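Each remark here refers to the structure printed beneath this line.
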Amino acid sequence: MNTDVVNTDVNETKTLKVALLGCGNVGSQVARILLEDADTLAARTGARLELVGIGVRTIDAPRDVELPRELFTTDSESLVAGADLVIELMGGIEPARSLILSAVRHGACVVTGNKALLAQDGPTLYEEADKAGVQLSYEAAVAGAIPILRPIRDSLSGDRITRVLGIVNGTTNFILDQMDSTGAQFEDALAEAQRLGYAEADPTADVEGHDAAAKAAILAALSFHTRFSLDDVYCEGITKVSATDIAAAKDAGFVIKLLAIAEKLTDDAGDEGVSVRVHPTLLPREHPLAAVRGAFNAVFVEAENAGELMFYGQGAGGTPTASAVLGDLVSAARRIVLGGPGRTETTTGHVPALPISASRTSYHVGLRVADQPGVLARIAQVFSDNGVSIELFRQSISSADQSAELRIVTHRASEADLAATVASISQLDVVQDVTSVLRVEGV
Ligand code: NAP
């Protein structure tokens with residue numbers, strides 16, 4: 001039952017024309033909600049939101065939702081020219097980029113979920129929207145249904161964010177969770193994700209971390225009031241995470257997650273910079289992000305005054321993502337009704353993006369070594385020589401080949417010092433193999 005009280009202040013004579021570009025997983029659900037909930041949306045907006053057309057590639061392509069055929073067109077450019085609000089849900093770079101630019105130049109507010117486009121060419125779009133005095137909103141671009149961008153940009157605008165840790169890719173979280181709960185190897189967990197529809201036939205963008213990197217750039221930009229592009233993001237995917245890594249992490253009380261991290265760092269001279277990175281990360285099992293299972297997403301924000309905040313929910317899917325799109329649409333429409341410019345990005349921070357070598361974290365290092373007296377002391381000496389202090393040593397002996405597995409967790413150290421340590425250790429005659437080097441957060 002619709003419990004909304006229809007607002008008698010709605011100016012029924014005011015109608016805003018909405019053009020929808022794309023009618024796939026998300027677009028079809030957005031169209032459905034626009035048509036089904038028209039009265040409620042009008043009550044909340046103060047104007048009717050009239051879906052005037054849907055731009056697609058193939059008019060008669062099968063759709064998840066039955067929609068009036070007369071709404072469909074392949075002439076997206078003309079559709080955009082006559083709209084007050086444009087929703088871009090085509091994905092990809094072109095023609096999405098040109099159509100968004102055309103929409104803002106025609107004075108339309110734009111809502112998009114296109115993280116790939118924003119990470120590649122966001123600043124051009126934001127500048128054009130500012131120039132035209134229209135709003136460009138993109139809540140759906142990061143973590144699907146989860147309201148995270150507006151809380152960071154608006155609710156926390158009176159605070160100082162220090163760090164953001166996000167599980168922002170459901171496919172990789174599902175795969176790592178599957179490996180953790182069943183002991184499966186990466187390839188088997190990926191096949192299961194593909195069977196269940198959580199991973200695409202070509203999973204590269206997800207498993208190599210590219211999708212998470214695009215979202216990390218957007219999160220970092222809003223959190224630190226500075227433009228960051230994909231080139232500023234260090235990116236490492238999950239394809240090299242083995243069942244052995246997961247088991248060793250579990251044994252030591254950790255879970256492995258692919259995290260998008262944006263954090264402000266201050267060097268010894270007092271200069272600030274932001275490290276933006278995506279990589280598999282060990283988290284203590286009691287960390288709130290460790291409880292994020294399956295294909296769910298969550299973003300953990302640390303701010304000077306607010307402290308720790310966590311935002312959790314469905315990071316993908318047509319209907320959940322449509323919720324974020326509709327939220328942006330109503331907000332943009334309200335601005336048109338009430339007047340006033342929108343806010344697209346925030347660029348008052350001017351902090352440089354730091355290379356991965358500047359980041360500091362704890363590390364989990366796995367080694368296969370000869371089971372001989374004095375080996376531990378020699379390895380500990382190399383860590384010490386490079387200024388990396390050890391928090392935890394674990395050893396398991398294989399009687400079959402007289403070798404031992406060592407698992408070492410370090411205190412926080414710089415990426416450069418850790419790299420030098422690993423390079424020296426791998427030269428030791430007693431070290432047969434460096435089996436893994438993983439970063440640890442939340443300790
Ligand atoms: P999708 O299912 O692949 O649908 C894409 C739609 O765009 C289709 O209707 C397609 O038309 C249309 N389209 C593509 N290229 C076109 C072109 N050159 N000209 C005209 N129409 C074109 O995509 P989606 O999953 O809904 O995702 C849409 C956007 O939302 C993407 O930017 C994605 O990153 C973002 N997003 C998606 C999710 C999710 O869960 N799916 C979550 C967050 C964000 P036809 O139908 O005629 O082929």
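Would you confirm, using the coordinates I've provided, whether residue 299 is modelled with pLDDT of 95 or more, crowded, with 22+ Cβ neighbours inside 10 Å and in the same structural domain as residue 152 (by the TED database)? Taking the combined requirement at face value, the residue satisfies it.
Of all residues in region 202-235, those satisfying the criterion of being hydroxyl-bearing (Ser, Thr, Tyr) and surrounded by fewer than 23 Cβ atoms within 10 Å (Cβ to Cβ) are 204, 226, 229, 234. Please tell me if residue 423 is over 20 Å from residue 252 (Cα atoms), loosely packed, with under 15 Cβ neighbours inside 10 Å and hydrophobic (A, V, I, L, M, F, W, C). Considered against the rule, which asks whether it is over 20 Å from residue 252 (Cα atoms), loosely packed, with under 15 Cβ neighbours inside 10 Å and hydrophobic (A, V, I, L, M, F, W, C), residue 423 comes out as yes.
Among the conditions (1) acidic (Asp, Glu); (2) within 14 Å of the ligand (Cβ to nearest atom); (3) under 25 Å from the mean Cα position of the chain (by Cα), residue 128 misses just one, which is (2). Selection of region 138-156 for residues being among the hydroxyl-bearing types (Ser, Thr, Tyr) and crowded, with 24+ Cβ neighbours inside 10 Å yields only 138. Within region 295-319, residues that are within 30 Å of residue 23 (Cα to Cα) sit with their Cβ atoms under 7 Å from residues that are of a type in the set (Phe, Trp, Tyr) and within 12 Å of the ligand (Cβ to nearest atom), at 6+ positions apart or across chains, in these pairs: 295/198.
Being outside any helix (DSSP H, G or I), surrounded by fewer than 19 Cβ atoms within 10 Å (Cβ to Cβ), assigned by the TED database to the domain that holds residue 327 and out of contact with any Lys or Arg (no Cβ under 9 Å at 6 or more places or on another chain) holds for only one residue in 87, 93, and it is 93.
Considering 425, 336, the condition of being within 30 Å of residue 47 (Cα to Cα) and in contact (Cβ under 8 Å) with a residue 24 or more places away in the chain is satisfied by 336 alone.
Residues in region 30-40 that are out of contact with any Pro (no Cβ under 9 Å at 6 or more places or on another chain) and closer than 27 Å to residue 59 by Cα: 30, 31, 32, 33, 34, 36, 37, 38.
Within region 126-149, being out of contact with any Leu (no Cβ under 6 Å at 6 or more places or on another chain) and free of Cβ contacts under 8 Å to residues at least 60 places away in the same chain holds for 127, 131, 132.
Taking the conditions (1) more than 30 Å from the chain's Cα centre (by Cα); (2) closer than 26 Å to residue 105 by Cα; (3) away from the ligand (no atom under 13 Å from the Cβ) in turn, residue 45 satisfies each one other than (1). Of the helices (runs of 4 or more DSSP H) lying entirely inside region 175-280, the ones with 1 or more residues being of a type outside the set (Gly, Ala, Ser) and within 26 Å of residue 113 (Cβ to Cβ) are found at 186-195, 204-207, 210-224.
The values are calculated or read from the model by the stated rules, or taken from the named source; none is laboratory data. These figures come from a predicted structure and were not determined experimentally. No Cβ is skipped: glycine too gets one built from the backbone with ideal geometry, and neighbour counts run over all protein chains shown.
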